[in-house]
Amino acid sequence: MSILDSLSPRALAAPESGIVEVVNYARGREGLLPLWVGEGDLPTPDFINRAAMASLNAGETFYTWQRGIPELRQALADYYGRHFGTSLPMENFYVVGSGMQAIQLSVQAITSPGDEMVYLSPAWPNIAAALEIAGARSVPVPLQFEHGKWSLDLERLEAAITPKTKGFFINTPSNPTGWTATHQDLRDILALARKHDLWIMADEIYALYYYAGGRAPSFLDVKEADDKIIFVNSFSKNWSMTGWRVGWIVAPAELGQVIENLVQYSTSGVAQFMQRGAVAALNEGDDFVRANIAKATRSRDILCDALIATNRVQTLKPDGALYSFLRIDGVTDSRKAAIDIVDKTGVGLAPGTAFGLGGELFMRACFLRDPVQVADAAERLSRYILGL
Ligand SMILES: Cc1ncc(COP(=O)(O)O)c(C=O)c1O
């Protein structure tokens, strides 16, 4: 009898992240080019840090608003006005401790144990894990993959609905595939949700990383006021703030007290100095985000062009997000391949096994890096692939 036997089966069943496993294997190696996790190579810019430090120096170190400080909620409303053309009031915005916590709290708000949430796979593994830990069932519906391109099969999505289905989790642009819903996809998904009275959890954290110009199509473009949609989002990717753990939720104002309570009984709010940093990110950070997008665009082209030129890889340039999701001819075990690649080339990739159904044979590379480094990684990977 182990002490573990007396733990919650749900906690025990939580899987180890398949991405972290490879990172732990090779962390800290000299000359390593780490394309395995979803973050850029720049630290948080100074203007954000300074706002946080000024807040600390001013003694803002007390308990704070559970829904987020009013200045940050207003800055979020303004940001959505600028980028999404919305005129939502600040009452629709809730500040939480990371995109991950936005997902966790939304799952708590929507699902009861035994409910099912349908999501599109391959997917970022934390989505299914968060559902399962909460006692809900995560039901994957694979995207279709043809000639390097991922697409949604709406009939399969509808076929996955059962009497226990509570909603859809839709991540667009997608981590890891880069699949980006068109406005028609969004209208179709919304029509299904209305028909079956389902919630939509919309994860649009990569909306600004959209390579056709402008930002990606959003449920905000097609929704009506009474649609049941909760948006989860994060400061991590746009403003180089992955280590801060600040995110937000956009939801109908009626949910306000419920979300406030879920915050109260988890983190009891995001530290005020971090929220001041987040205000600076939103109000002064558009140029920084533009530069990040330009960098991602160049690095995406460098990496994808090189990989496609090997003629031994099935992939296309992704429409959105920060990842090349590639299938190397002859690779039948992506976990083993990720270890082999890091040993032989010094490039860290995430194995597709980490991303669930339909992703097993792929590898994921995050390209939000200095294009010179990405070109180096592309060259090392191409040599490896051609030598297989
Ligand atoms: C699709 C998706 N949603 C949410 C998150 C969560 O971001 P964070 O918890 O860093 O705010 C990530 C991070 O990689 C992601 O890829």
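The values are calculated or read from the model by the stated rules, or taken from the named source; none is laboratory data. This structure is a prediction, so every number in the text was calculated from the model and none was measured. Glycine also receives a Cβ, built like all others from the backbone with ideal geometry; neighbour counts cover every protein chain displayed.
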Next on the checklist: Going by what's in this entry, would ILE229 be described as more than 15 Å from the ligand (Cβ to nearest atom), of a type outside the set (Lys, Arg) and either under 14 Å from the mean Cα position of the chain (by Cα) or assigned by TED's automatic domain parsing to the domain that holds HIS83 (or both)?
Outcome noted: yes
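Every residue, every condition in (1) buried (at least 20 other Cβ atoms within 10 Å of the Cβ); (2) free of Cβ contacts under 8 Å to residues at least 40 places away in the same chain, yes or no:
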| residue | (1), (2) |
| --- | --- |
| SER138 | yes, yes |
| VAL141 | yes, yes |
| LEU154 | no, yes |
| GLU158 | no, yes |
| ASN171 | yes, no |
| SER174 | yes, no |
| THR177 | yes, no |
Checklist entry - GLN66 versus (1) within 30 Å of SER138 (Cα to Cα); (2) modelled with pLDDT of 95 or more; (3) surrounded by fewer than 14 Cβ atoms within 10 Å (Cβ to Cβ): which is the lone unmet condition? => result (3)
Checklist entry - Restricting to region 164-184, what's the tally of residues that are outside any strand (DSSP E or B), of a type in the set (Ser, Thr, Tyr) and farther than 13 Å from ALA216 by Cβ? => result 1
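Farther than 26 Å from ALA291 by Cβ, touching a residue at least 24 places away in the same chain (Cβ under 8 Å) and not in a loop (DSSP other than H, G, I, E, B) - does that describe any residue in region 206-221? Working first, answer last.
First, the residues of region 206-221 that are farther than 26 Å from ALA291 by Cβ: 219.
Next, only the ones that are touching a residue at least 24 places away in the same chain (Cβ under 8 Å) stay: 219.
Of the ones still in play, those that are also not in a loop (DSSP other than H, G, I, E, B) are 219.
Within region 206-221 (the criterion being farther than 26 Å from ALA291 by Cβ, touching a residue at least 24 places away in the same chain (Cβ under 8 Å) and not in a loop (DSSP other than H, G, I, E, B)), the answer is yes, since at least one residue qualifies.
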Next on the checklist: All but one of (1) assigned by TED's automatic domain parsing to the domain that holds GLY348; (2) surrounded by 22 or more Cβ atoms within 10 Å (Cβ to Cβ); (3) hydroxyl-bearing (Ser, Thr, Tyr) hold for SER234; state the number of the condition that does not hold.
Outcome noted: (1)
Next on the checklist: For the list (1) away from the ligand (no atom under 15 Å from the Cβ); (2) in a helix (DSSP H, G or I); (3) crowded, with 22+ Cβ neighbours inside 10 Å, I need the number of the one condition that VAL118 fails.
Outcome noted: (2)
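Got a sec? Which helices (runs of 4 or more DSSP H) wholly within region 1-92 have at least 3 residues that are of a type in the set (Ser, Thr, Tyr)? Lay out the reasoning, then the answer.
Values: elements: 9-13, 18-26, 46-57, 70-84.
The helices (runs of 4 or more DSSP H) meeting that bar number zero.
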Checklist entry - What are the residues in region 101-114 that are of a type outside the set (S, T, N, Q) and surrounded by fewer than 18 Cβ atoms within 10 Å (Cβ to Cβ), if any? => result ALA109, PRO113, GLY114
